[in-house]
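Trainee: Before I ask anything, let me first share the structure, which is written out below as structure tokens.
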Amino acid sequence: MRIARSQKRKPKRTDAAIADVVHRVSAEKLREYVQMLAFPRHYEVDRQANIRARDMLLKLLHGFGYKPVLQGAYHNIVVTSSGAEERPYLLLGAHYDSVPGSPGADDNGSAVAVCLECARLAKEHDIGSTMIVLFNREEDGLLGSRQFVAYLASEPAWTIAEAHIFEMVGFCSHAAGSQRTPPGLPMVAAPDVGDFLGLLANRNSNAIAENLLTLAATYIPQSPVLALKIYLGIEKYFGHLLRSDHTPFWEAGIASIMWTDTSEFRNPHYHRASDTPDTLDYVFLSQVTKLALARVVSRAWL
């Protein structure tokens with residue numbers, strides 16, 4: 001394993017088209033999306049609330065101009081945009097359920113908010129070859145994403161070139177000692193300040209992570225981004241690396257990156273009733289969204 005940092009990457013010349021889209025990310029809209037979903041919505045314990053969350057997301061995506069599809073028994077929500085040339089999709093994904101009793105603002109309303117803002121701007125700017133998936137039942141053993149990835153094998157129209165899975169991306173702290181390292185990981189030079197976005201990549205996605213570090217240096221230079229690059233398939237030996245919806249993609253050999261604020265290793269409200277919208281940093285969340293859009297636009301407009 002190796003940690004790579006955006007602050008050690010040389011920025012490239014800014015592309016005006018990418019910069020224009022990135023500039024349009026709205027922190028207020030991100031806050032609105034998080035607040036909209038800030039209620040317990042576990043699939044079984046809070047069943048009606050889970051359905052309510054699903055229906056709110058469907059209505060919002062319809063309002064953006066999409067035709068959402070419900071996929072699988074657990075109602076994953078899928079929207080796509082296609083450009084003039086058909087090509088494999090870049091997928092942005094996040095789970096919309098929460099644990100029982102938690103409003104789940106960071107886990108995982110923050111990640112859903114990133115996907116929604118990317119969906120809004122991708123539609124407004126006619127950015128093709130993008131798929132956005134909001135998974136259900138992540139908190140029940142990744143059931144929704146596992147069902148989705150299994151379905152991909154029988155649906156040739158949904159070919160995925162790369163998947164970006166967002167898992168708690170809204171909590172930031174600038175205090176010394178605010179960041180802990182997951183136990184058991186053979187890492188060196190891990191930071192102790194929780195002010196960075198973390199990217200988790202493996203042998204199929206390390207090159208994408210490297211591109212994201214350069215995009216971060218170019219378009220969000222004030223925001224540190226760290227990528228934990230994993231080699232030789234050793235991720236299967238470390239449970240902390242396999243806790244979110246990127247895991248089924250890794251298991252299927254699909255290039256995938258998990259984006260995170262590192263959950264309980266930074267956020268004291270993890271899986272608690274105190275995981276509320278007022279605990280999040282919406283400037284930090286905006287920077288995450290800008291980086292995601294930079295990747296979406298740069299790939300779509302190559």
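The values are calculated or read from the model by the stated rules, or taken from the named source; none is laboratory data. Just so it is clear, the model here is predicted, and its values are computed rather than measured. Note: ideal-geometry Cβ built from the backbone for every residue, glycine included; neighbour counts use all protein chains shown. What goes into the accessible areas is simple: the full protein's heavy atoms, side chains included, and nothing from ligands, DNA or RNA. Shrake-Rupley method; radii C 1.70, N 1.55, O 1.52, S 1.80 Å.
Trainee: For segment 17-31, in order, what is each residue's ³J(HN,Hα) by Karplus, 6.51 cos²θ - 1.76 cosθ + 1.60 with θ = phi - 60°, in whole Hz (x at glycine and Pro)?
Mentor: Values, residue by residue: 5, 5, 4, 5, 5, 4, 5, 8, 4, 10, 5, 5, 5, 4, 4 Hz.
Trainee: Let me ask something else. Before rounding to the nearest 500, sum -39500 (n - 2.57) across all DSSP H runs of length at least 4 in the chain and divide by the residue total; then give [θ] at 222 nm in deg cm²/dmol.
Mentor: My calculation for the chain gives -10500 deg cm²/dmol from helical runs alone.
Trainee: Short version: ³J(HN,Hα) in whole Hz for each residue of segment 210-216, in order, from phi by Karplus 6.51 cos²θ - 1.76 cosθ + 1.60 (θ = phi - 60°), x for Gly and Pro, what are they?
Mentor: For segment 210-216, the Karplus curve yields 5, 4, 5, 5, 5, 4, 5 Hz.
Trainee: Right, something else. Among R52, R137, R87, what's the order by accessible area (1.4 angstrom probe), most exposed first?
Mentor: R52, R87, R137
Trainee: Also: For R87 paired with D20, estimate the spin-label separation in nm (one decimal), with each label point 7 Å from Cα along the Cα-to-Cβ line.
Mentor: If labels sit at R87 and D20, their model points lie 1.9 nm apart.
Trainee: Starting from the Cα-Cα distance between V193 and A153, subtract it from 0.36 nm times their residue separation and give me the gain in nm to one decimal.
Mentor: 10.3 nm
Trainee: If I take every Cα pair under 8 Å that is 6 or more residues apart in the chain, average their sequence separation and divide by the length, what percent do I get for the relative contact order?
Mentor: Result for the chain is 28 percent.
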